[in-house]
1. If we count other beta carbons within 10 Å of each Cβ, what is the order of S5, S43, S63, fewest first?
2. What is the local net charge at L173, summed over the other residues whose Cβ is closer than 9 Å to its Cβ (Lys, Arg +1; Asp, Glu -1)?
3. Given the Cα-Cα distance of R269 and T123 and 0.36 nm per residue of separation, how much length would full extension add, in nm?
4. Where is the GNM fluctuation largest for the chain (alpha-carbon springs, 10 angstrom cutoff): Q35, Q18, Q140?
5. Just for the chain, what percent of DSSP beta bridges are antiparallel, to the closest 5?
6. Test of understanding: ordering F64, F177 by Cβ neighbours within 10 Å, fewest first, what list do you get?
7. Which FRET efficiency, nearest 0.05, do R45 and T193 yield, Cβ-Cβ r, R0 51 Å?
8. In the chain, with Lys and Arg counted as +1 and Asp and Glu as -1 at Cβ, which of these residues, G203, I76, Q288, has the Cα nearest the positive end of the dipole, that is, farthest along it?
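Here, each number is a calculation from the coordinates, and none is a lab measurement. These numbers were taken from a predicted model, which means no experiment stands behind them. Every residue, glycine among them, receives a Cβ derived from its backbone with ideal geometry; neighbour counts consider all protein chains shown.
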Amino acid sequence: MSQLSTKHLLGIKDLTPQDISLILDTAVSFKEILQRPIKKVPSLREVTIANVFFENSTRTRLSFELAQKRLSADTINFAAANSSVKKGETLLDTVNNILAMKVDMVVMRHASVGAPHFIAKNTKCMVVNAGDGTHEHPTQALLDAFTVREKLGDLAGKKICIFGDILHSRVALSNFFLLKKMGAEVMVCGPTTLIPKYIDSLGIKVEDNVLKALQWCDVANVLRIQLERQQLKYFPSLKEYSNFFGINMDLLNKLDKKILILHPGPINRGVEITSEVADSEHSLILEQVENGVAVRMAVMYLLAGNVS
């Protein structure tokens, strides 16, 4: 079996294009398994995985848990809200106590940038980053890429535009790294106040006119406004944001082609995207959720194979 070049999945930045292709190709096989009447395989029967979530999550946590069950792994679930973290226990002490129970892999989400990297450096377990602050969310970028590749083929040369709150989005950064590594053209579109200053250094186009951005792209990946991470007021109101940067059917009907719509969720219907668009034939949002299980199965399977 081909192997990943890394023991952990901490970010797309650390992966080679070969790693990305291997994960996506492996996910194809797992998606086929998920279509069968019996969706379970014994691939990780001897592996114990801890899901350690210090931030609220629905889709990502459930997707990882289901992927682990489909691989026959033993799992334990940790939620910070009900833990000794509330009593002042350090992050490392918390994880080491979990690892003392003979856990092989940790899937971690944390509000602090670099928390999964810290655990990977200071423990011997495999670590999967399920989102760290405003830094990276690698499995989301991988499932986005898988979904696009499934519909359009090779990512090389495809035009992908990411709309919305780029500044606070870990999904955006992981997508930038992945799409550039795989040869796609990338653009961002949103209020100037929500476009980070580093964009130019990554060779990414910037457009502030939504219709022009939609005319340019093959795929629109629409991000929500992350009010919970915003310390300042970046635009006058949600209504004004929706008027200037929201994706609606009137805009899509002006295009001379059909584009694909992605959204990592949760959706703020009527803000960054209308219900009509989210539920339209353009939308691959539910397919992203379905593909997420296969992609996360592939990631954990390949990481476990690196040390077996």
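1. Fewest-to-most ranking of S5, S43, S63: S5, S43, S63.
2. Values: positive: K13, R170; negative: E136.
Overall, the nearby charge balance is +1.
3. Extending this stretch completely gives an extra 48.4 nm.
4. Its mean-square fluctuation being the largest, the pick is Q35.
5. Working: 1 of 36 bridges.
Close to 5 percent.
6. On the way: F64 27, F177 20.
If I rank by nearby Cβ atoms, fewest first, I get F177, F64.
7. The pair R45/T193 has a calculated efficiency of 0.55.
8. The one lying farthest along the dipole's positive direction is I76.
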